Amino acid sequence: MAVPALKDITTNKLYPAHKTTKGITIQLNGPKTGMPTGTTLTALIKFVDSCGLKSVLITGGTETSGHSKASFHGINLAIDVAGTRFNKLTHEKALAAAKIAGFTHGVYEDFRGTGRDHWHFQIGAGNGLGDKQSLKLSKLYIKKY
Amino acid sequence: MIRTLVITLLAALFLSSCNECNVKKGSYTNAGGSEQSTNLTLADKDFIVKHENWQPGHYELRVTSQINGSWTCSENLIKFTSSDKMLSAELITVGENPLGLDSNSKAIMFNENTGIDYLNEQIFYPDAPTD
(Lines give C-alpha, C1' and ligand atoms only; values in the text may rest on other atoms or scores of the structure.)
Protein backbone atom coordinates (compact mmCIF):
# COMPACT_ATOMS: atom_id res chain seq x y z
CA MET A 1 0.00 0.00 0.00
CA ALA A 2 1.36 3.40 -0.98
CA VAL A 3 2.17 5.88 1.77
CA PRO A 4 -0.06 8.97 1.52
CA ALA A 5 1.72 12.07 0.26
CA LEU A 6 2.85 14.82 2.62
CA LYS A 7 3.56 18.45 1.80
CA ASP A 8 6.69 19.93 3.33
CA ILE A 9 5.64 23.18 5.02
CA THR A 10 8.83 23.75 7.04
CA THR A 11 9.49 27.42 7.75
CA ASN A 12 12.41 26.92 10.15
CA LYS A 13 14.76 24.07 9.27
CA LEU A 14 15.30 23.39 12.98
CA TYR A 15 11.67 22.35 13.27
CA PRO A 16 10.52 20.39 10.18
CA ALA A 17 6.78 20.35 9.48
CA HIS A 18 4.58 18.51 7.00
CA LYS A 19 0.92 18.72 6.07
CA THR A 20 -1.29 15.72 5.33
CA THR A 21 -3.73 15.67 2.42
CA LYS A 22 -6.45 16.31 5.02
CA GLY A 23 -4.71 19.53 6.03
CA ILE A 24 -3.36 18.39 9.39
CA THR A 25 0.17 19.48 10.35
CA ILE A 26 2.75 17.00 11.58
CA GLN A 27 5.17 19.23 13.48
CA LEU A 28 8.51 17.78 14.60
CA ASN A 29 10.10 19.17 17.77
CA GLY A 30 13.65 19.43 16.40
CA PRO A 31 16.16 18.30 13.79
CA LYS A 32 16.98 15.07 15.62
CA THR A 33 13.45 13.72 15.49
CA GLY A 34 13.23 11.39 12.50
CA MET A 35 10.14 11.24 10.31
CA PRO A 36 8.94 7.61 10.10
CA THR A 37 8.73 5.87 6.76
CA GLY A 38 6.56 3.15 5.23
CA THR A 39 3.94 1.51 7.42
CA THR A 40 4.77 3.64 10.46
CA LEU A 41 4.48 6.86 8.46
CA THR A 42 1.07 5.69 7.22
CA ALA A 43 0.12 5.01 10.84
CA LEU A 44 1.37 8.44 11.95
CA ILE A 45 -0.67 10.13 9.22
CA LYS A 46 -3.79 8.17 10.21
CA PHE A 47 -3.18 9.11 13.84
CA VAL A 48 -2.94 12.85 13.21
CA ASP A 49 -5.80 12.81 10.72
CA SER A 50 -8.14 11.13 13.21
CA CYS A 51 -7.12 12.65 16.56
CA GLY A 52 -9.09 15.86 16.09
CA LEU A 53 -6.23 18.41 16.24
CA LYS A 54 -5.16 20.76 13.45
CA SER A 55 -1.48 20.36 14.33
CA VAL A 56 0.25 17.57 16.25
CA LEU A 57 3.67 17.95 17.85
CA ILE A 58 5.74 14.79 17.37
CA THR A 59 8.71 14.26 19.68
CA GLY A 60 9.96 10.86 18.59
CA GLY A 61 10.19 8.94 15.34
CA THR A 62 12.86 6.93 13.58
CA GLU A 63 15.87 8.47 15.30
CA THR A 64 18.40 5.76 16.06
CA SER A 65 20.52 7.63 18.58
CA GLY A 66 19.92 8.24 22.23
CA HIS A 67 17.24 5.60 22.80
CA SER A 68 17.42 2.31 24.70
CA LYS A 69 19.20 -0.53 22.92
CA ALA A 70 16.09 -2.40 21.76
CA SER A 71 14.03 0.71 21.11
CA PHE A 72 11.27 0.44 18.52
CA HIS A 73 12.22 3.96 17.39
CA GLY A 74 15.46 2.71 15.89
CA ILE A 75 13.64 0.09 13.84
CA ASN A 76 11.02 2.53 12.53
CA LEU A 77 8.09 1.05 14.48
CA ALA A 78 7.33 3.77 17.05
CA ILE A 79 6.29 7.38 17.47
CA ASP A 80 6.22 9.76 20.43
CA VAL A 81 3.48 12.36 20.58
CA ALA A 82 4.09 15.38 22.83
CA GLY A 83 1.92 15.33 25.93
CA THR A 84 -1.06 17.38 26.99
CA ARG A 85 1.06 20.49 27.56
CA PHE A 86 1.47 20.77 23.79
CA ASN A 87 -1.20 18.55 22.25
CA LYS A 88 -4.64 19.21 23.73
CA LEU A 89 -5.74 15.60 23.53
CA THR A 90 -7.50 13.38 26.03
CA HIS A 91 -6.17 9.87 26.63
CA GLU A 92 -9.42 8.52 25.21
CA LYS A 93 -8.96 10.43 21.94
CA ALA A 94 -5.28 9.51 21.70
CA LEU A 95 -6.09 5.83 22.30
CA ALA A 96 -8.88 5.84 19.70
CA ALA A 97 -6.65 7.52 17.10
CA ALA A 98 -3.77 5.15 17.81
CA LYS A 99 -6.05 2.14 17.29
CA ILE A 100 -7.39 3.52 14.01
CA ALA A 101 -3.80 4.15 12.93
CA GLY A 102 -2.76 0.55 13.53
CA PHE A 103 -0.52 0.94 16.56
CA THR A 104 -0.80 -2.07 18.88
CA HIS A 105 0.92 -0.99 22.12
CA GLY A 106 1.35 2.27 23.94
CA VAL A 107 1.89 4.16 27.16
CA TYR A 108 1.52 7.71 28.41
CA GLU A 109 4.61 8.78 30.33
CA ASP A 110 3.48 11.42 32.83
CA PHE A 111 6.31 13.52 34.23
CA ARG A 112 3.92 15.68 36.26
CA GLY A 113 2.73 17.92 33.46
CA THR A 114 6.16 18.94 32.20
CA GLY A 115 7.37 19.08 28.61
CA ARG A 116 8.72 15.54 29.04
CA ASP A 117 5.20 14.06 29.09
CA HIS A 118 4.34 12.09 25.97
CA TRP A 119 2.36 9.27 24.42
CA HIS A 120 4.52 6.47 23.04
CA PHE A 121 2.87 4.24 20.45
CA GLN A 122 4.47 1.32 18.67
CA ILE A 123 3.61 -1.49 16.29
CA GLY A 124 4.14 -4.83 18.02
CA ALA A 125 4.99 -5.87 21.58
CA GLY A 126 8.49 -5.55 22.97
CA ASN A 127 11.06 -3.28 24.61
CA GLY A 128 9.11 -3.04 27.84
CA LEU A 129 5.61 -3.03 26.39
CA GLY A 130 3.45 -6.17 26.67
CA ASP A 131 -0.12 -7.19 27.54
CA LYS A 132 -0.54 -4.39 30.11
CA GLN A 133 0.20 -1.81 27.45
CA SER A 134 -1.86 -3.40 24.68
CA LEU A 135 -4.13 -0.95 22.91
CA LYS A 136 -6.80 -3.67 22.84
CA LEU A 137 -7.52 -2.77 26.48
CA SER A 138 -10.29 -0.26 27.14
CA LYS A 139 -7.96 2.22 28.86
CA LEU A 140 -4.52 3.44 27.95
CA TYR A 141 -1.70 2.49 30.31
CA ILE A 142 -0.53 5.63 32.09
CA LYS A 143 2.77 5.68 33.95
CA LYS A 144 3.13 8.51 36.47
CA TYR A 145 6.57 9.50 37.70
CA MET B 1 56.38 57.97 18.98
CA ILE B 2 56.64 55.00 16.60
CA ARG B 3 57.22 52.69 19.56
CA THR B 4 54.08 53.97 21.27
CA LEU B 5 52.08 53.46 18.11
CA VAL B 6 53.34 49.90 17.71
CA ILE B 7 52.53 49.07 21.35
CA THR B 8 49.07 50.59 21.00
CA LEU B 9 48.48 48.62 17.79
CA LEU B 10 49.63 45.36 19.36
CA ALA B 11 47.42 45.98 22.39
CA ALA B 12 44.43 46.63 20.14
CA LEU B 13 45.14 43.44 18.19
CA PHE B 14 45.40 41.44 21.41
CA LEU B 15 42.16 42.83 22.79
CA SER B 16 40.29 42.20 19.55
CA SER B 17 41.36 38.55 19.66
CA CYS B 18 39.89 38.16 23.14
CA ASN B 19 36.26 38.05 22.08
CA GLU B 20 33.66 37.99 24.76
CA CYS B 21 31.57 34.90 25.39
CA ASN B 22 27.84 35.26 24.76
CA VAL B 23 26.97 31.94 26.43
CA LYS B 24 25.58 31.99 29.95
CA LYS B 25 26.49 29.50 32.63
CA GLY B 26 23.67 27.31 33.89
CA SER B 27 21.62 24.24 33.17
CA TYR B 28 20.32 23.36 29.71
CA THR B 29 18.13 20.44 28.62
CA ASN B 30 17.00 19.02 25.29
CA ALA B 31 13.37 19.32 24.20
CA GLY B 32 12.21 16.01 25.68
CA GLY B 33 8.97 14.18 25.07
CA SER B 34 10.64 10.85 24.40
CA GLU B 35 12.32 7.99 26.26
CA GLN B 36 15.57 9.85 26.53
CA SER B 37 16.79 13.06 28.10
CA THR B 38 20.06 14.95 28.03
CA ASN B 39 21.14 17.75 30.33
CA LEU B 40 24.10 20.07 29.90
CA THR B 41 25.47 22.01 32.85
CA LEU B 42 27.93 24.82 32.27
CA ALA B 43 29.91 25.98 35.30
CA ASP B 44 32.73 28.58 35.33
CA LYS B 45 35.17 26.41 33.38
CA ASP B 46 33.74 22.91 33.57
CA PHE B 47 30.80 21.19 31.91
CA ILE B 48 28.80 18.03 32.54
CA VAL B 49 26.59 16.25 30.01
CA LYS B 50 24.21 13.72 31.55
CA HIS B 51 22.30 11.45 29.20
CA GLU B 52 19.64 8.96 30.20
CA ASN B 53 17.42 6.59 28.24
CA TRP B 54 14.81 4.05 29.20
CA GLN B 55 12.27 1.62 27.86
CA PRO B 56 8.79 3.15 27.44
CA GLY B 57 7.06 3.18 30.82
CA HIS B 58 10.19 2.17 32.73
CA TYR B 59 11.98 5.41 33.62
CA GLU B 60 12.91 3.91 37.00
CA LEU B 61 15.18 1.46 35.12
CA ARG B 62 16.90 4.17 33.07
CA VAL B 63 20.46 3.83 31.83
CA THR B 64 22.64 6.87 32.42
CA SER B 65 25.95 8.07 31.04
CA GLN B 66 28.00 11.18 31.67
CA ILE B 67 30.69 13.27 30.00
CA ASN B 68 32.78 15.76 31.96
CA GLY B 69 35.35 18.29 30.88
CA SER B 70 36.12 21.93 30.37
CA TRP B 71 34.66 24.50 28.00
CA THR B 72 35.72 27.71 26.39
CA CYS B 73 33.73 30.19 24.39
CA SER B 74 34.30 33.00 21.93
CA GLU B 75 31.23 35.01 21.05
CA ASN B 76 28.70 32.30 20.00
CA LEU B 77 31.13 29.43 19.45
CA ILE B 78 31.71 26.90 22.21
CA LYS B 79 34.46 24.30 22.47
CA PHE B 80 34.10 21.40 24.88
CA THR B 81 37.13 19.33 25.85
CA SER B 82 36.76 16.01 27.66
CA SER B 83 39.44 13.40 28.31
CA ASP B 84 39.27 11.94 24.80
CA LYS B 85 37.13 14.29 22.72
CA MET B 86 36.77 17.85 21.53
CA LEU B 87 33.21 18.91 20.74
CA SER B 88 31.84 22.05 19.15
CA ALA B 89 28.57 23.83 19.60
CA GLU B 90 27.05 27.17 18.80
CA LEU B 91 24.73 29.57 20.55
CA ILE B 92 21.75 29.97 18.22
CA THR B 93 18.58 32.02 18.09
CA VAL B 94 15.75 29.50 17.84
CA GLY B 95 13.43 31.55 15.63
CA GLU B 96 9.86 30.45 14.93
CA ASN B 97 9.30 27.24 16.89
CA PRO B 98 6.57 24.84 18.06
CA LEU B 99 7.78 24.72 21.67
CA GLY B 100 6.16 27.93 22.82
CA LEU B 101 9.49 29.76 23.06
CA ASP B 102 9.98 33.38 22.10
CA SER B 103 11.58 33.43 18.65
CA ASN B 104 14.49 35.44 20.07
CA SER B 105 15.28 32.74 22.65
CA LYS B 106 18.84 31.46 22.69
CA ALA B 107 19.82 27.79 22.74
CA ILE B 108 22.99 25.75 22.39
CA MET B 109 23.18 23.49 19.35
CA PHE B 110 25.92 20.88 18.93
CA ASN B 111 27.52 20.24 15.55
CA GLU B 112 26.34 17.29 13.48
CA ASN B 113 29.55 15.30 13.86
CA THR B 114 30.51 15.36 17.52
CA GLY B 115 31.38 11.67 17.65
CA ILE B 116 28.71 11.18 20.32
CA ASP B 117 25.53 10.24 18.50
CA TYR B 118 23.04 11.58 20.99
CA LEU B 119 24.72 15.00 20.90
CA ASN B 120 24.84 15.40 17.13
CA GLU B 121 22.60 18.35 16.18
CA GLN B 122 21.10 18.27 19.66
CA ILE B 123 19.59 21.53 20.83
CA PHE B 124 19.78 22.47 24.50
CA TYR B 125 17.39 25.03 25.92
CA PRO B 126 18.06 26.95 29.15
CA ASP B 127 16.20 25.47 32.11
CA ALA B 128 13.80 27.84 33.78
CA PRO B 129 15.23 29.34 36.99
CA THR B 130 13.93 27.47 40.01
CA ASP B 131 14.14 30.37 42.44
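The values are calculated or read from the model by the stated rules, or taken from the named source; none is laboratory data. Computed from a prediction, not measured in an experiment: that's the story for all the values here. Cβ sites come from the backbone with ideal geometry, for glycine too, and all protein chains shown count toward neighbours.
Structure notes:
- Residue within segment A:65-85 that is part of a strand (DSSP E or B) and surrounded by fewer than 17 Cβ atoms within 10 Å (Cβ to Cβ) present: no
- Set A:G74, A:G102, A:G83: member being in contact with a His (Cβ under 8 Å, 6 or more places away or on another chain), more than 8 Å from chain B (Cβ to nearest Cβ) and at pLDDT 95 or above: A:G74
- Looking only at residues in segment A:1-23 that are within 23 Å of B:G32 (Cβ to Cβ), out of contact with any Gly (no Cβ under 9 Å at 6 or more places or on another chain) and crowded, with 17+ Cβ neighbours inside 10 Å, the one that is nearest to the other protein chains (Cβ to nearest Cβ) is A:A17.
- Residue selected from segment A:116-130 under the condition part of a strand (DSSP E or B) and more than 7 Å from every other protein chain (Cβ to nearest Cβ), by the criterion surrounded by the most Cβ atoms within 10 Å (Cβ to Cβ): A:F121
- Index of the failed condition, A:I58 passing every other in (1) part of a helix (DSSP H, G or I); (2) closer than 22 Å to B:N97 by Cβ: (1)
- Screening A:G52 with (1) outside any helix (DSSP H, G or I); (2) within 14 Å of chain B (Cβ to nearest Cβ) gives one miss only, at (2).
- Flag for A:I45 being away from chain B (no Cβ under 12 Å), outside any loop (DSSP other than H, G, I, E, B) and either buried (at least 16 other Cβ atoms within 10 Å of the Cβ) or not hydrophobic (A, V, I, L, M, F, W, C) (or both): yes
- In the set (1) touching a residue at least 40 places away in the same chain (Cβ under 8 Å); (2) more than 17 Å from B:E52 (Cβ to Cβ); (3) not basic (K, R), A:S71 fails one condition alone, (2).
- The listed residue being within 21 Å of B:Y125 (Cα to Cα) and either hydroxyl-bearing (S, T, Y) or in contact (Cβ under 8 Å) with a residue 24 or more places away in the chain (or both), out of A:L28, A:L89: A:L28
- Scan of segment A:53-71 for residues that are modelled with pLDDT of 95 or more, in contact with a strand residue (DSSP E or B) (Cβ under 6 Å, 6 or more places away or on another chain) and farther than 20 Å from A:G38 by Cα, ordered by number: A:S55
- Applying a threshold of 6 Å to beta carbon distances and a minimum spacing of six or more residues, or different chains, the list of pairs starting in segment A:127-145 at a residue that is farther than 19 Å from A:H67 by Cα and ending at one that is polar (S, T, N, Q) and surrounded by 10 or more Cβ atoms within 10 Å (Cβ to Cβ) reads A:L135/A:T104; A:Y141/A:Q133.
- Answer residue from segment B:95-131, given it is at the interface with another protein chain (Cβ under 8 Å from one of its Cβ atoms) and of a type in the set (S, T, N, Q) and is nearest to the chain's Cα centre (by Cα) among those: B:Q122
- Lone unmet requirement of (1) facing chain A (nearest Cβ under 10 Å); (2) over 26 Å from B:N68 (Cα atoms) for B:I92: (2)
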